[in-house]
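One structure is given below, encoded as structure tokens.
The values are calculated or read from the model by the stated rules, or taken from the named source; none is laboratory data. Just so we're clear, the structure is a prediction, and the values are computed from it rather than from any experiment. Here Cβ is always computed from backbone atoms with ideal geometry, including for glycine, and neighbour counts include all displayed protein chains.
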Amino acid sequence: MSQWLEDAIFYEIYPQSFYDSNGDGIGDIPGITAKLDYIRELGCNALWLNPCFLSPFGDAGYDVADYCLVAPRYGTNDDLIELFRAAHAKGMHVLLDLVPGHTSVEHRWFKESCKAEKNPYSGRYIWTNAVWDDVARYEGIAGSLRGISERDGSVAVNFFSMQPALNYGFATVTEPWQCAVDSPEALATRQAMKDVMAFWLDRGCDGFRVDMAGSLVKNDPGNEQTIRLWQDMRAYLDEHYPDAVMVSEWGEADKSLRAGFHMDFLLHFGPSHYMDLFRCEHPYFSREGKGDIHAFVKAYRKNYELTSGKGLICPVSGNHDMQRMRKYLDPEEMKIAFAFLLSMPGAPFIYYGDEIGMRQLDLPSKEGGYERTGARTPMQWDGSGNAGFSTAEADKLYLPQDPAADAPDAAAQQAQEGSLWREVQKLNRVRHATPALQAHGGIEFVYCQEDEYPLAYLRTAGSQRVLVIVNPAARETKFLYDGKLGKALYTLNGAPSQAHGIVTVPAASAAFVEVE
Ligand code: NOJ
């Protein structure tokens, strides 16, 4: 595994909304390059960019029309190559978003595959033999698209109906039109995706976040064939691009890390109970203190034990598919949430704007965003027009911005001691300086009781032992700990104290304390 992951803190960028360098109302790649110092100053040293390739943008770019061409609205391939170069010069790394499961209907492969005459792309997607045949009842297929082709048949889709599923085969073949995973058609698709990865890795990209990674092989209930497919992809990378880094949108680390991914996300779906922490009626990190983190820890511990040494489980502050954390927590509560996120094992991911507590807005759908749209609004940089995002007229912006008089912005928070931005920066610094808090440091849960506060866990690396204590509740709490608390590496809202083996934890506080 690439050494830099040990101390990686990622920053996720939704390119549409980060920084508009040419005044057309939408973010772009040179805009990202221009803001690298901001990201570094915050303490993040790696980026994940949502898809930035040619696309009709029916799903914000997750409907790719050409995997090897940057969408003109974001710039050129050379701009992206320059971003890689500039990032590397600052000791940073860049992951692109690989969408291997489906394309847009505008992709050349799809257009070819619609033709009546057989050609090398006829089997690139999952087509039935006749237009009224039902393709949608198989595991891993979201629906079908029919009536759009010269050839007879309907085609499987993966997500929205204009995202036809690429053909990686079926684990169990039950119909004549289904291909096996080792059929020439399925293997050709696999090779095509390896070629896409090679194209960008050759140009300086450091790896990929992989969209819907667990869904490639159809009719594969336990994902065993999808796991084998990714093991093959990983073997290819290990041979040709040993430094490439792969993080999966899978949400089941026991499967994805076995499949060969270096990292998997904690997500809003899957068995993680991640939503219990920040995004539910009574989130654990709310000051009201009515949350429960127990189910999360139980699931986390199980996955951690199953995957320990095989890769990383990545905690995220949010992403472009979730409601903003700020919808559920205020900035003071978010500080404690960040103390947790930035002291867990794995590589943490900060979603752009979460570091200043950007709000979830209530907006009509844009580019297939639906309820996700309000978490994708343009970054609020400063107090100037369009919050410094763009020089375009406000009604030309990709999405409207937070109209509130107290809308947070980065410049104000950078200047203000005690702001959320400053706290995130401080936490990032402590993490970078403390091996026990980093990716591979061990974790042992010391105090985690159902419906109780605080949460305490021990992080260890070599002889370094750091006890993390987070108490989001607005009340003092106590727990039994027989080790001796030493020097505090970080405290927020007071330090815990210890007497006769009982640790007393101040209300709404977080602390990282060295222990023997
Ligand atoms: C997951 C992506 O994160 C999401 O934004 C997208 O809509 C779907 N996959 C389909 O690609």
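When you scan the range 1-94 for strands (runs of 3 or more DSSP E) that lie fully inside it, which ones turn up with 2 or more residues that are among the aromatic types (Phe, Trp, Tyr) and modelled with pLDDT under 95? Reasoning before the result, please.
On the way: elements: 10-13, 46-49, 66-70.
Filter on the range 1-94 gives an empty set.
Find the residue count for the range 238-271, including only residues that are in a helix (DSSP H, G or I), small (Gly, Ala, Ser) and closer than 17 Å to ASP206 by Cβ.
The initial filter retains those residues of the range 238-271 that are in a helix (DSSP H, G or I), namely 238-240, 253-256.
This time we only want the ones that are small (Gly, Ala, Ser), so: 253, 256.
Cutting the leftovers down to closer than 17 Å to ASP206 by Cβ gives us none.
Residues flagged as in a helix (DSSP H, G or I), small (Gly, Ala, Ser) and closer than 17 Å to ASP206 by Cβ within the range 238-271 amount to 0.
Quick one: what pairs do we get from the range 56-70, first residue closer than 13 Å to TYR14 by Cα and acidic (Asp, Glu), second surrounded by fewer than 18 Cβ atoms within 10 Å (Cβ to Cβ) and at pLDDT 95 or above, C-beta under 9 Å, 6+ apart or different chains?
Sorted first by the residue in the range 56-70, then by its partner, the pairs are ASP59/PHE160.
Does ALA473 meet the test of being at pLDDT 95 or above and under 28 Å from the mean Cα position of the chain (by Cα)? Outline the logic, then answer.
Details: at pLDDT 95 or above: yes; under 28 Å from the mean Cα position of the chain (by Cα): yes.
Here the answer is yes, as ALA473 does meet what is asked.
Could you look through the range 335-349, keep only residues that are within 18 Å of the chain's Cα centre (by Cα) and in a helix (DSSP H, G or I), and pick out the one that is surrounded by the fewest Cβ atoms within 10 Å (Cβ to Cβ)? Walk me through it before giving the result.
Start the filter on the range 335-349 by keeping residues that are within 18 Å of the chain's Cα centre (by Cα), which leaves 337-338, 340-349.
Filter again for in a helix (DSSP H, G or I), leaving 337-338, 340-341.
On the way: ALA337: 24, PHE338: 25, PHE340: 22, LEU341: 26.
Only one residue tops the list, namely PHE340.
Mind listing just one residue for me: the one in the range 134-147 that is hydrophobic (A, V, I, L, M, F, W, C) and either within 16 Å of the ligand (Cβ to nearest atom) or modelled with pLDDT of 95 or more (or both) and, of those, farthest from PHE57 (Cα to Cα)? Step through it out loud before you land on a result.
Initially, the range 134-147 is screened for residues hydrophobic (A, V, I, L, M, F, W, C), giving 135-136, 141-142, 145.
When the remaining residues are screened for being either within 16 Å of the ligand (Cβ to nearest atom) or modelled with pLDDT of 95 or more (or both), the result is 141-142, 145.
On the way: ILE141: 21, ALA142: 19, LEU145: 18 Å.
Checked the range 134-147; the qualifying residue farthest from PHE57 (Cα to Cα) is ILE141.
Scan the range 153-185 for residues that are away from the ligand (no atom under 16 Å from the Cβ) and over 17 Å from CYS114 (Cα atoms) and report the count.
The qualifying residues number 14.
Per-residue answers, yes or no, for (1) free of Cβ contacts under 8 Å to residues at least 60 places away in the same chain; (2) among the acidic types (Asp, Glu):
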position	(1), (2)
ARG85	no, no
GLY91	yes, no
VAL94	no, no
VAL99	no, no
HIS102	no, no
GLU106	yes, yes
SER113	yes, no
ALA116	yes, no
TYR121	yes, no
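Only one of these is away from the ligand (no atom under 16 Å from the Cβ), of a type outside the set (Ser, Thr, Tyr), more than 16 Å from ASP206 (Cα to Cα) and crowded, with 23+ Cβ neighbours inside 10 Å: GLY31, GLY23. Name it.
Numbers: GLY23 fails: crowded, with 23+ Cβ neighbours inside 10 Å.
Going through GLY31, GLY23 in turn, just one is away from the ligand (no atom under 16 Å from the Cβ), of a type outside the set (Ser, Thr, Tyr), more than 16 Å from ASP206 (Cα to Cα) and crowded, with 23+ Cβ neighbours inside 10 Å: GLY31.
Could you tell me how many of the residues in the range 457-475 are crowded, with 16+ Cβ neighbours inside 10 Å and within 26 Å of ARG287 (Cα to Cα)?
11
Got a sec? Which strands (runs of 3 or more DSSP E) wholly within the range 116-215 have at least 2 residues that are farther than 23 Å from HIS262 by Cα?
Working: elements: 143-145, 155-157, 207-210.
Answer list for the range 116-215: 143-145, 155-157.
Here is a list of conditions, (1) within 16 Å of the ligand (Cβ to nearest atom); (2) under 25 Å from the mean Cα position of the chain (by Cα), and HIS93 meets all of them except one; can you say which number that is?
HIS93 satisfies every listed condition except (1).
If you take the residues in the range 49-68 that are closer than 16 Å to VAL210 by Cα and away from the ligand (no atom under 12 Å from the Cβ), which one is surrounded by the most Cβ atoms within 10 Å (Cβ to Cβ)? Write out each step before concluding.
First, the residues of the range 49-68 that are closer than 16 Å to VAL210 by Cα: 49-53, 59-64, 67-68.
This time we only want the ones that are away from the ligand (no atom under 12 Å from the Cβ), so: 49, 52-53, 67-68.
Details: LEU49: 23, CYS52: 27, PHE53: 25, TYR67: 22, CYS68: 13.
Here the answer is CYS52.
What pairs can you find where one residue is in the range 1-18 and more than 22 Å from CYS52 (Cβ to Cβ), the other is part of a helix (DSSP H, G or I) and of a type outside the set (Asp, Glu), and their Cβ atoms are less than 7 Å apart, with a gap of 6+ or different chains?
Pairs found: ASP7/HIS432.
All but one of (1) touching a Leu at 6+ places or on another chain (Cβ under 8 Å); (2) buried (at least 24 other Cβ atoms within 10 Å of the Cβ) hold for GLY251, so report the exception by its number.
(2) is the only condition that GLY251 fails.
Which pairs do you get when a residue that is on the phi < 0 side of the Ramachandran plot, found in the range 223-247, comes within reach of a residue that is among the small types (Gly, Ala, Ser) and part of a helix (DSSP H, G or I), reach meaning Cβ atoms under 6 angstrom, with the pair 6+ apart or on two chains?
THR226/GLY214
List every residue pair whose Cβ atoms sit under 8 Å apart, with the two residues 6 or more apart in sequence or on different chains, where the first one lies in the range 146-171 and is within 13 Å of SER104 (Cβ to Cβ) and without any contact (Cβ under 8 Å) to a residue 60 or more places away in the chain and the second, anywhere, is within 12 Å of the ligand (Cβ to nearest atom) and in a loop (DSSP other than H, G, I, E, B).
What qualifies is VAL157/ALA142; VAL157/GLN163; ASN158/GLY101; ASN158/ALA142; ASN158/MET212.
Tell me which residues, restricted to the range 378-400, are in a loop (DSSP other than H, G, I, E, B), out of contact with any Gly (no Cβ under 8 Å at 6 or more places or on another chain) and either away from the ligand (no atom under 16 Å from the Cβ) or under 20 Å from TYR328 (Cα atoms) (or both). If you could, list the steps in order and put the result at the bottom.
Going through the range 378-400, the residues in a loop (DSSP other than H, G, I, E, B) turn out to be 378-384, 389-393, 397-400.
Applying the additional criterion that residues be out of contact with any Gly (no Cβ under 8 Å at 6 or more places or on another chain) yields 383-384, 399-400.
Passing the criteria: GLY383, SER384, PRO400.
Would you please list the contacts, defined by Cβ atoms under 7 Å and residues six or more apart or on different chains, that run from a residue in the range 290-318 that is of a type outside the set (Ser, Thr, Tyr) to a residue that is surrounded by fewer than 15 Cβ atoms within 10 Å (Cβ to Cβ)?
LYS290/HIS282; GLY291/HIS282; ASP292/GLU450; ASP292/ASP451; HIS294/GLN449; HIS294/GLU450; ALA299/PRO271
Restricting attention to the range 190-226, and to residues there that are crowded, with 18+ Cβ neighbours inside 10 Å and either of a type in the set (Asp, Glu) or in contact with a Lys or Arg (Cβ under 6 Å, 6 or more places away or on another chain) (or both), which single residue is farthest from SER122 (Cα to Cα)?
ASP206
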